[in-house]
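What follows is calculated from the coordinates using simple rules that are stated; it is not laboratory data. As the structure is a prediction and not an experimental result, all values here were calculated from the model. In this analysis, Cβ positions are derived from the backbone assuming ideal geometry, glycine residues included, and neighbour counts consider all displayed protein chains.
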Amino acid sequence: MIQSYTFRYDELTIDIPDIIRTLGYQGKELPEPFASLIQMVSSDCHQLDDISGSYYITEKCSVDLVNRKVFANNICLKVGRKICNELADSTNLAFFICTAGKTISTKSTSLFKGEDLIAGYVYDIFGSSIAEAVADKIQSMIEHEVKESGNKTTNRYSPGYCNWHVSEQAKLFSLFNGSASGVKLTPTFLMTPIKSVSGIIGIGKNVDFHDYQCSLCNLKNCVNRKVN
């Protein structure tokens, strides 16, 4: 069964230091207008009413390490070697779709079109941070749910990363009847609203949670890449 939830901004853990790092001011005093903009945008985000997330846990699954595929609910996902290895001991899979919502995406896009490029950039960064914070929240809910039956979870992985092609989004979304939490796919397999996250989490008694191994990946703009 698909589980869907809405969240208030103050229910999420927003990584403000990470937002500052993204702005390029790690270890430096944050200058204007960024200091004021962060305060203003954060205050504005408390008014958001379309932050949401959904997840679905399959009854069973199988993992083909040789061909780097996973199977669940009559679909085959070509997740690649890295993700396949992480999911190898899974007995169930959790799929999720999370979004910061249409409101903040629309606000950022509007500002980018000429009204205020700098403010648009800050809203854009906050949108990404909110989407990831929702994914953190959903992941924690999944961990809590499966723990009751003695299961553990892997880290979460998304199409477009770790050699999992973004076109596989269509298969993932098919588990949610094409959309969830107001998120849909474009013909090029991108999500709308833009500030959305989808992915997969392995579940089982013998799986392990591993931090993202960025040294094994050459994708420089990955949201999970560690700052050295």
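Label-to-label distance, E11 versus Q47, with points set 7 angstrom from Cα along the beta-carbon direction: 2.1 nm. Placing R0 at 22 angstrom, the Cβ-Cβ distance between K205 and N85 gives a FRET efficiency of 0.80 after rounding to 0.05. C76 sits among other residues whose Cβ lies under 15 Å from its own Cβ, and their net charge, with Lys and Arg +1 and Asp and Glu -1, is +3.
Relative to the Cα centre, what is the charge dipole magnitude of the chain, using +1 at the beta carbon of each Lys and Arg, -1 at the beta carbon of each Asp and Glu, and rounding to the nearest 20 debye? Intermediate values should be presented prior to the final figure.
Values: 23 positive and 24 negative charges, 180 e Å.
The calculated dipole for the chain is roughly 860 debye.
Ordered by the number of other Cβ atoms lying within 10 Å of each residue's own Cβ, fewest first, C98, C76, C162 fall into the sequence C76, C162, C98.
Filter the cross-link list K184/K205; K69/K137; K78/K195; K107/K184; K113/K195 down to pairs whose alpha-carbon distance in this structure exceeds 29 Å. Before the final figure, lay out each step's value.
Details: K184/K205 33 Å; K69/K137 27 Å; K78/K195 24 Å; K107/K184 19 Å; K113/K195 17 Å.
Result: K184/K205 exceed 29 Å.
Arranged from fewest to most other beta-carbon atoms within 10 Å of their beta carbon, T109, T154, T186 become T186, T109, T154.
The modelled label-to-label distance for the pair E143/V166, using points 7 Å beyond Cα in the direction of Cβ, is 2.9 nm. With both labels modelled 7 Å from their Cα along Cα-to-Cβ, the R21 to S36 distance reads 2.8 nm.
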